[in-house]
Each structure stands twice: as structure tokens, then as C-alpha cells.
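> Once you've had a glance at the structure underneath, I'll fire off some questions.
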Amino acid sequence: MVHGQKVIEKEKKMFEDTLWIYTSIAGAILGAACLFYIKDTRVGLWGYSKFDGVLDYFRDKYGWTWLNQDPDAWKKVHPKIAAKIESLEERLENLEEKV
């Protein structure tokens with residue numbers, strides 16, 4: 001019995017020492033699920049706009065250029081729309097040259 005109790009105590013201590021790992025992983029998964037659900041709701045859009053406003057405030061106040069967004073970042077997110085817009089702009093330029 002003594003050996004069995006030592007093994008149980010060792011396993012219990014090992015679990016207690018690594019409990020923070022399991023809780024942080026579970027918290028991260030739960031947080032990601034909540035953000036995924038909230039991102040398209042009114043509350044989520046409001047929260048994102050407030051967060052963006054706070055970042056813009058600090059960027060402007062302290063001159064943090066690393067918070068600037070790339071003006072063409074949307075093209076990376078929506079490459080098909082960007083390609084369509086570019087082709088329409090080329091067609092428009094060609095039509096303007098003809099007129």
C-alpha cells in the first residue's frame with residue numbers, strides 16, 4: 001500500500017503542477033469560441049470599433065507608427081474583389097482613352 005500511495009501522491013502532485021496549463025488551454029479555446037460568436041453581432045462590432053478607436057487614439061497621441069494599417073490590407077483579405085476592381089479600373093481607363 002505504501003508504494004501505491006506514493007504513486008498516487010506523485011500523480012496528484014504532477015497534475016496540480018500542470019493544472020495551469022490545462023486551464024489556460026481551456027480558457028483560450030473558450031475565449032476563441034466566444035469571439036467567433038460575438039464578432040458579427042452588434043455588441044461585437046461595437047466592441048471592435050471601440051478597440052480600434054483606442055488604438056487610433058494612442059497611435060495619434062504618441063506617434064506609434066507600428067499601429068498604422070496598410071491601406072492595401074483589404075486586398076490581401078479579399079483578393080477576388082481586389083482583382084475585379086482592378087480589372088474594372090483598367091476597362092474604365094481604356095474607355096476614357098477612347099472618348
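Coordinate-derived values only; no laboratory data. Being a predicted model, the structure only gives us computed values, none of them experimental. Ideal geometry is used to build each Cβ from the backbone, glycine not excepted, and the neighbour counts take in all protein chains shown.
> Would you please list the contacts, defined by Cβ atoms under 8 Å and residues six or more apart or on different chains, that run from a residue in the stretch 40-60 that is free of Cβ contacts under 8 Å to residues at least 40 places away in the same chain to a residue that is polar (S, T, N, Q)?
Between residues of the stretch 40-60 that are free of Cβ contacts under 8 Å to residues at least 40 places away in the same chain and residues that are polar (S, T, N, Q), the close pairs are R59/T65; R59/N68.
> Would you call I25 surrounded by fewer than 10 Cβ atoms within 10 Å (Cβ to Cβ) and assigned to a helix (DSSP H, G or I)?
Criteria not met by I25.
> Considering only residues of the stretch 31-54 that are surrounded by 10 or more Cβ atoms within 10 Å (Cβ to Cβ) and not in a helix (DSSP H, G or I), which is farthest from the chain's Cα centre (by Cα)?
Among them, the one singled out is T41.
> Can you pull out every residue in the stretch 55-90 that is exposed (fewer than 10 other Cβ atoms within 10 Å of the Cβ) and among the charged types (D, E, K, R)?
K61, D70, D72, K76, K80 - these are the residues of the stretch 55-90 that are exposed (fewer than 10 other Cβ atoms within 10 Å of the Cβ) and among the charged types (D, E, K, R).
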